[in-house]
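S.K.: Here it is, the structure in full.
The values are calculated or read from the model by the stated rules, or taken from the named source; none is laboratory data. Quick caveat: nothing in here was measured; it's all calculated off a predicted structure. Here the Cβ is made from the backbone with ideal geometry for all residues, glycine too, and neighbour counts use every protein chain on show.
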Amino acid sequence: MAEHGFELDHLKMVYPELQASSLETTIIPGLLWLVSKYDRPIMIDDSGLFIDALGGFPGVYSSYAFKTLGCEGILRLMDGAKQRDARFECCIGFLAPEGEPFIAKGVAKGSISDEMRGSGGFGYDPIFVHEGHAKTYAEIEIGEKNRLSHRGRAMEKFIDSLPGLLQEP
């Protein structure tokens, strides 16, 4: 954000997170709660891995599923699956006091690999192969991953919209 002229404070704060069927639905209550507590503009990010063969699982439960199953558990669930399509989704939410919630969404389509590969990145990166590529996110350079990723796409939309969001009503 600094390279775009915006300064952020990282609030290390746990907030009530509604569990719902979509990332968009989980973000707005969190934004409302945080703005009511801090009375300042707030930005939050929620991301998830959605696997078609698993009915969208882990989806909004991605963080919990990663902590309990890890990549190895996802690969076990996918054992023998021929259909391996998946997508990462990221929603960046923003709300200023007296404003309306704004959500920028980014999606990266791809597939689940047959095995863990690579040592970079984090989370599900060793098993996610971006559409049109052969390497997992954990095997590619971070700059390339950021250009391809769901979070990079959401952030681009968010940054493009931010000047208008910061204008006084």
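S.K.: Restricting attention to segment 116-141, report how many residues are touching a residue at least 60 places away in the same chain (Cβ under 8 Å) and of a type in the set (A, V, I, L, M, F, W, C).
M.R.: Filtering segment 116-141 down to residues touching a residue at least 60 places away in the same chain (Cβ under 8 Å) leaves 123-124, 128.
Subsequent filtering for residues that are of a type in the set (A, V, I, L, M, F, W, C) retains 128.
Residues meeting the conditions: 1.
S.K.: Is there any pair linking a residue in segment 142-169 that is over 17 Å from residue 3 (Cα atoms) and surrounded by 15 or more Cβ atoms within 10 Å (Cβ to Cβ) to one that is among the polar types (S, T, N, Q) and at pLDDT 90 or above, with Cβ under 6 Å and at least six apart or on different chains, and which?
M.R.: Sorted first by the residue in segment 142-169, then by its partner, the list stays empty.
S.K.: Looking at segment 52-64, which of its residues are hydrophobic (A, V, I, L, M, F, W, C), at pLDDT 95 or above and either within 14 Å of the chain's Cα centre (by Cα) or more than 20 Å from residue 106 (Cα to Cα) (or both)?
M.R.: Quick first cut of segment 52-64, residues hydrophobic (A, V, I, L, M, F, W, C) only: 53-54, 57, 60.
Remaining after also requiring at pLDDT 95 or above: 53-54, 57.
Scanning segment 52-64 gives 53, 54.
S.K.: Next question. Among the candidates 79, 46, 9, single out the residue that is without any contact (Cβ under 8 Å) to a residue 60 or more places away in the chain, in a strand (DSSP E or B) and of a type in the set (D, E, K, R).
M.R.: Numbers: 79 fails: in a strand (DSSP E or B); 9 fails: in a strand (DSSP E or B).
Answer to the check: 46.
S.K.: Please go through segment 117-152 and give me each residue that is of a type in the set (D, E, K, R), more than 13 Å from residue 86 (Cβ to Cβ) and part of a helix (DSSP H, G or I), ordered by number. Steps first, please.
M.R.: Step one: of segment 117-152, the residues of a type in the set (D, E, K, R) are 117, 125, 131, 135, 139, 141, 144-145, 147, 151.
Subsequent filtering for residues that are more than 13 Å from residue 86 (Cβ to Cβ) retains 117, 135, 139, 141, 144-145, 147, 151.
Hits for segment 117-152 are 139, 144, 145, 147, 151.
S.K.: Further question on the same structure: In this structure, does residue 93 turn out to be outside any loop (DSSP other than H, G, I, E, B) and of a type in the set (Gly, Ala, Ser)?
M.R.: On the way: outside any loop (DSSP other than H, G, I, E, B): yes; of a type in the set (Gly, Ala, Ser): yes.
Answer is yes for this residue.
S.K.: If residue 105 satisfies every condition in (1) part of a strand (DSSP E or B); (2) farther than 22 Å from residue 1 by Cα; (3) under 15 Å from the mean Cα position of the chain (by Cα) but one, which is the exception?
M.R.: Checking residue 105 against (1) part of a strand (DSSP E or B); (2) farther than 22 Å from residue 1 by Cα; (3) under 15 Å from the mean Cα position of the chain (by Cα), the one that fails is (2).
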